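Here is the structure we will look at, set down as structure tokens.
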């Protein structure tokens with residue numbers, strides 16, 4: 001097998017800190033790869049009017065594999081204000097670079113594992129019927145449709161006349177007939193049947209391969225009947241081929257309540273783009289929070305791996321980095337799985353699990369401290385120290 005080339009995209013803020021640590025771990029594992037840096041993020045939006053430069057697209061087109069840190073995103077008006085003076089008023093519109101990569105390379109699958117690591121003080125606990133304390137084992141994998149839905153980007157403020165005219169062929173638009181177009185903002189939630197079938201097929205294949213007993217479609221078909229209904233219909237078609245796996249259906253609002261009631265009951269979950277984002281962060285909160293939330297964006301022949309946390313710019317310039325690198329390290333672990341480096345992936349997960357269970361070294365989030373430069377003096381591990389400890393376990 002030829003040596004892979006990994007396009008590394010640190011992005012903004014703490015993305016630069018955690019990606020560096022993931023690369024140290026991969027080196028310690030003996031993972032043999034070439035790495036090529038690529039530009040992405042806020043700096044390039046401000047100075048070039050494009051947070052995802054074409055040169056980065058070209059690198060990903062060539063190598064088809066990426067590790068991504070984190071990005072800063074801001075609302076439309078604030079993004080426009082921060083453009084370099086010479087770019088102001090020239091029609092540049094900010095668009096999330098990770099969303100752009102997902103759509104450009106058709107990375108339809110976003111896979112987000114949310115699994116309990118024993119010994120993590122941030123694990124979800126609940127009171128039992130007899131008044132005791134229970135810590136249920138959570139092992140949920142969210143399959144989020146990654147390219148369609150509300151994140152497809154089909155939206156307008158002040159929709160043009162032809163768009164408004166088309167929308168007004170729907171009877172429900174009568175409620176807005178007296179609202180001037182200049183006072184309307186419209187976002188379209190678009191699902192396609194091929195994409196629905198694709199994600200449900202991949203989810204059932206994963207559940208079958210890894211021994212999960214259920215697949216749950218988490219949507220809102222009682223209200224958003226057409227789009228949620230299409231995903232549910234596709235899941236029913238695919239489920240017929242897997243009679244040994246139960247197909248469940250939940251509404252996103254009820255699911256957010258139930259995930260703190262009986263999270264151990266769920267296995268694989270399928271959602272559209274927005275609801276998948278919501279439910280995966282909800283489950284991540286039960287197994288350590290965003291400091292351990294990892295994800296994969298996978299297409300037919302291209303994949304990008306990233307932690308699900310943001311860029312946290314307030315922490316990026318601390319003299320000693322305090323952020324938890326585990327989410328980024330586990331994202332690199334998912335890349336190893338994707339490349340069929342199973343032995344290395346298993347060793348790395350085992351090392352992370354051992355460090356968490358031992359509890360000797362914990363970042364500030366695991367100690368339930370508020371992030372600040374003085375958490376190191378309070379006993380919290382630095383970013384580098386956590387990585388060093390994981391590397392020690394590898395040896």
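The values are calculated or read from the model by the stated rules, or taken from the named source; none is laboratory data. Treat the numbers as computed from the prediction; the structure is a model and nothing was measured. Heads up, the Cβs are rebuilt from the backbone with ideal geometry, glycines too, and the neighbour counts pull from every protein chain shown.
Looking at 96, 73, just one residue is surrounded by 16 or more Cβ atoms within 10 Å (Cβ to Cβ) and in the same structural domain as residue 310 (by TED's automatic domain parsing), and that residue is 73. When 250, 260, 308 are screened for being at pLDDT below 95 and in contact with a strand residue (DSSP E or B) (Cβ under 7 Å, 6 or more places away or on another chain), only 308 passes.
In segment 212-229, what count of residues is obtained for those that are assigned to a helix (DSSP H, G or I), within 16 Å of residue 148 (Cβ to Cβ) and over 23 Å from the mean Cα position of the chain (by Cα)? Before the answer, list the steps.
Residues of segment 212-229 assigned to a helix (DSSP H, G or I): 225-229.
Keeping just the survivors that are within 16 Å of residue 148 (Cβ to Cβ) gives 226-229.
Next cut, over 23 Å from the mean Cα position of the chain (by Cα) only: 226, 229.
Result for segment 212-229: 2.
Across segment 10-40, the qualifying residues are those that are in contact (Cβ under 8 Å) with a residue 40 or more places away in the chain and more than 19 Å from residue 292 (Cα to Cα), and the one among them that is surrounded by the most Cβ atoms within 10 Å (Cβ to Cβ) is 40.
In this structure, does residue 273 turn out to be crowded, with 17+ Cβ neighbours inside 10 Å, touching a residue at least 60 places away in the same chain (Cβ under 8 Å) and over 26 Å from residue 135 (Cβ atoms)? Here the answer is yes, as residue 273 does meet what is asked. For residue 61, the conditions (1) outside the structural domain of residue 267 (by TED's automatic domain parsing); (2) under 30 Å from residue 205 (Cβ atoms); (3) under 14 Å from the mean Cα position of the chain (by Cα) all hold with the exception of (3). Would you confirm whether or not segment 286-307 contains a residue that is farther than 27 Å from residue 327 by Cβ and surrounded by fewer than 22 Cβ atoms within 10 Å (Cβ to Cβ)? Looking for residues that are farther than 27 Å from residue 327 by Cβ and surrounded by fewer than 22 Cβ atoms within 10 Å (Cβ to Cβ), one finds none in segment 286-307, hence no. Residues of segment 345-370 being in a helix (DSSP H, G or I) and surrounded by fewer than 21 Cβ atoms within 10 Å (Cβ to Cβ), which ones? Within segment 345-370, 346, 347, 349, 350, 353, 354, 357, 358 qualify. Considering each of 80, 152, 70 in turn, give the residue that is in contact (Cβ under 8 Å) with a residue 12 or more places away in the chain and more than 23 Å from the chain's Cα centre (by Cα). Going through 80, 152, 70 in turn, just one is in contact (Cβ under 8 Å) with a residue 12 or more places away in the chain and more than 23 Å from the chain's Cα centre (by Cα): 80. The sole residue among 232, 209 that is surrounded by 15 or more Cβ atoms within 10 Å (Cβ to Cβ), over 20 Å from the mean Cα position of the chain (by Cα) and part of a helix (DSSP H, G or I) is 232. Being at pLDDT 95 or above, more than 27 Å from residue 331 (Cβ to Cβ) and out of contact with any helix residue (DSSP H, G or I) (no Cβ under 8 Å at 6 or more places or on another chain): is that true of residue 86 here? For residue 86, the condition - at pLDDT 95 or above, more than 27 Å from residue 331 (Cβ to Cβ) and out of contact with any helix residue (DSSP H, G or I) (no Cβ under 8 Å at 6 or more places or on another chain) - is met. Against the criterion of being free of Cβ contacts under 8 Å to residues at least 24 places away in the same chain and under 30 Å from residue 158 (Cβ atoms), residue 209 does not qualify.
Screening the candidates 134, 162, 183, 168 for the property of being over 27 Å from the mean Cα position of the chain (by Cα), surrounded by fewer than 20 Cβ atoms within 10 Å (Cβ to Cβ) and either in the same structural domain as residue 235 (by TED's automatic domain parsing) or under 30 Å from residue 296 (Cβ atoms) (or both) yields one hit, 134. Considering only residues in segment 379-394 that are without any contact (Cβ under 8 Å) to a residue 40 or more places away in the chain and assigned to a helix (DSSP H, G or I), the one that is farthest from residue 30 (Cα to Cα) turns out to be 385.
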